[in-house]
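So the structure is just underneath, and the comments pick up after that.
The values are calculated or read from the model by the stated rules, or taken from the named source; none is laboratory data. This is a predicted model, so every value here is computed, not measured. With ideal geometry, Cβ positions are generated from the backbone for all residues, glycine too; neighbour counts draw on all protein chains shown. Note: areas computed on protein heavy atoms with side chains; ligands, DNA, RNA excluded. Shrake-Rupley method; radii C 1.70, N 1.55, O 1.52, S 1.80 Å.
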Amino acid sequence: MADPAAVQTQAFNLWYGTFQALYDVDITVAAGRITSLIGPSGCGKSTLLRSINRITERLGYVRTTGSIEVYGHPIIGPAVSLVQVRKQIGMVFQRPNPLPLSIRENVLFGWKLHNEGPKATRAQEDEIVEQALRTVLLWDETKDRLAHTATGLSLEQQQKLCIARLLPVKPRLLLMDEPCSALDPKGTEAVEELIWTLRGAYTILLVTHNMAQARRASDDCAFMLMGRLVEHRSTNELFVAPEDPRTGDYIEGRYG
Amino acid sequence: MFEARPINRQNQTIERIWRGVFLAMTLVLVIPVLVILGVLVVRGGPMISWAFLTTEPTNGMTEGGVLPALLGTIALVLVALIASVPVGVAAAVYLSEYAADNWLTRTINLAIINLAGVPSIVHALFGLGAFVLFFQFGTSILAASLTLAVMALPVVIVSTRESLQAVPMAFREACWNMGATRWQTIRTVVLPNSISGILTGVILEVSRTAGETAPIMFTGAAFFLPFLPQSVYDQTMALSLHLFVISTQVPGVPDGLPYGVALVLVGIVLLMNSVSIAFRTWLRGRKKW
């Protein structure tokens, strides 16, 4: 196997108590590309995304069967450290959730949690902060107020910061759960642009409600309905010539 | 066209009546506080002097100052604080941040609420049995303070837990999703953002502890001691018990003396409350959300 897929699930089922939210999901997400997950509310796309960094487990009454592998390594099992899963698979949420710390400390937060070597010098930390903020196109706006609290930033800036703080620990996979839906059109455009610049260096799996966004901002697109994966192809093909009639009905807006 | 109709005038009258009722109830609440403070200041005020605060009672407690009782109260409160705050805060952290919501934690929570409702004289008997007799601390500052600590615990736990739960869940989730452990999350995000509330609860509890009489009566507070305690294994005088004693047990106490003692006690409590409010205001100013 030359280049293992970034994410591969096999016969993945998930129950919230007695309610089955995912049915036999088999999906293979290509490395280095942006894949969007679309589908009507309650179709299981967010559940699938959250399963990939095992947030769903926190609810306690969640049960799963089947397997999920990330870059060829299982993420569920006795030998797996949840902390390592969370470190190497970054998650971005619908509502920007910067910590009530300074901008600088937000960027360094994850890095400090996982740093195994000696404590970094101030200069090394500055380097990490600058690099992360430059990557998310936030450096110029924030370089003069790194000590200010992150909650004072605009929503767009907060969301970029939430992406920036994932980067210093060098994740390979970023999961984004409707990352633009709390933002205004200008912020949405800016964050989409950012996601596009991260393409290649990171594999990105993006849940979105906005079909135009899926079309604009992803290489591949997967359509889900009622807990099942219906169709998964390149975004262009899926939108131009859907194979499954249910996909066609959805993207033409016959239900939502 | 826009004149008031009879129904409007009627509603207006009802409105005035209810407003009056609520105002009256508020005054019922406030007036006794003002009267108590007023009487204390008018009758006890003349007693207060530097000598009153720094000398011992003399002549069968009918003259002299309150120094041993004042220091005793401070000592009792400090030791009670050292014993109850670490335990109470740690228990609250466990209940709020670690414990799952199951029958066991629900039972513990219920027990804590019930413990807060146990009358102080029952705590006194518990303290006598547990600390004075079973652990053989004797009647001492240690036994009395531990009794006060047990009494303060449920309140410390409840107020700490409320402060912890006021920290938005989103902050915790943000930490967990970056691979932070529970403790890393608590240390870096939860505690720094709830510390003002926790301290407020603690300081208010201190002021309540300072005024308690029953729990220390059997466990460590003395009727009269002609010397200052040397260690936590000694008995001590305390302002609250001293006030009780000179008001009811000792003949020939001049009229103003109990008021003077009461004023010192209330003064300490008010001082602590003011400090707590000032501290909280200062910490809130630094809050980051």
Per residue of A:83-90, other chain Cβ atoms within 10 Å number on average 3
Using 7 Å Cα-to-Cβ label points, what is the B:VAL42/B:THR55 separation (nm, one decimal)?
2.8
Counting only protein heavy atoms with a 1.4 Å probe and every protein chain in place, the carbon and sulfur fraction of the accessible surface of region B:68-285 in whole percent equals 71
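Need one number: buried accessible surface between chains B and A, 1.4 Å probe, both sides summed, DNA, RNA and ligands left out, in Å² to 100.
The B and A chains share an interface burying roughly 1600 Å².
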Given B:78-91, B:122-135, the highest-first ranking by average Cβ count within 10 Å works out to B:78-91, B:122-135
Summed side-chain charge close to B:THR62 - residues other than B:THR62 whose Cβ falls under 14 Å, Lys, Arg +1, Asp, Glu -1
-3
Toy charge model, Lys and Arg Cβ at +1, Asp and Glu Cβ at -1: region A:48-160 dipole around Cα centroid in debye, rounded to 20, equals 440
Can you find, among B:LEU104, A:ASN236, B:ALA262, the residue sitting farthest towards the positive end of the charge dipole of the protein assembly as shown, where Lys and Arg contribute +1 and Asp and Glu -1 at Cβ?
B:ALA262
What translational D, rounded to a whole number of µm²/s, comes out for region B:68-285 from Stokes-Einstein when the hydrodynamic radius is the Kirkwood one over Cα pairs, at 37 °C and 0.692 mPa s?
175
Residue by residue through region B:70-75, which ³J(HN,Hα) values in whole Hz follow from phi under the Karplus form 6.51 cos²θ - 1.76 cosθ + 1.60 (θ = phi - 60°), with glycine and proline marked x?
5, 5, x, 4, 4, 5
What distance in nm lies between label points placed 7 Å from Cα along the C-beta direction at B:ALA99 and A:ALA79?
3.8
Could you sort the peptides A:132-143, A:190-201, B:94-105 by per-residue average Cβ neighbour count (10 Å cutoff), highest mean leading?
A:132-143, A:190-201, B:94-105
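Grab the beta carbon distance between A:SER154 and A:THR197, set R0 = 25 Å, and tell me the FRET efficiency rounded to 0.05. It would help to have the intermediate numbers written out before the result.
Details: r = 19 Å, r/R0 = 0.77.
It comes to 0.80.
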Burial-style ranking of B:24-32, B:178-186, average other-beta-carbon count within 10 Å with highest first, yields B:178-186, B:24-32
From the phi of every residue in region B:230-241, what ³J(HN,Hα) in whole Hz does the Karplus formula 6.51 cos²θ - 1.76 cosθ + 1.60 yield, where θ is phi - 60° and glycine or proline is x?
9, 8, 5, 8, 8, 6, 8, 7, 9, 4, 5, 5
When ligands, DNA and RNA are left out and all protein chains stay put, how many square angstrom of accessible area per residue does chain B have with a 1.4 Å probe?
54
FRET efficiency estimate (nearest 0.05) - Cβ-Cβ, A:PHE19 to B:THR26, R0 56 angstrom
0.65
Provide the gained length on full extension for the span A:GLN10 to A:THR28, in nm with one decimal, where the gain is 0.36 nm per separating residue minus the Cα-Cα distance.
5.6 nm
Considering only C-alpha atoms, what is the centroid distance from region A:49-119 to region B:246-289, in Å?
50
If the chain between A:ARG233 and A:ASN115 were fully extended at 0.36 nm per residue, the gain over the current Cα-Cα distance would be 38.6 nm
For chain A, modelled as a Gaussian network with Cα springs under 10 Å, which listed residue fluctuates most, A:LEU175, A:LEU99, A:LEU229?
A:LEU99
By how many nm would the segment from B:LEU133 to B:TYR233 lengthen if fully extended, with 0.36 nm per residue of separation less the alpha-carbon distance?
34.7 nm
Under 16 Å from a point 7 Å along the Cα-to-Cβ line of A:ARG63: which residues of region A:28-49 have their amide N that close?
none
Would you please give the FRET efficiency between B:ALA116 and B:ALA166, computed as 1/(1 + (r/R0)^6) with r the Cβ-Cβ distance and R0 = 22 Å, to the nearest 0.05?
0.65
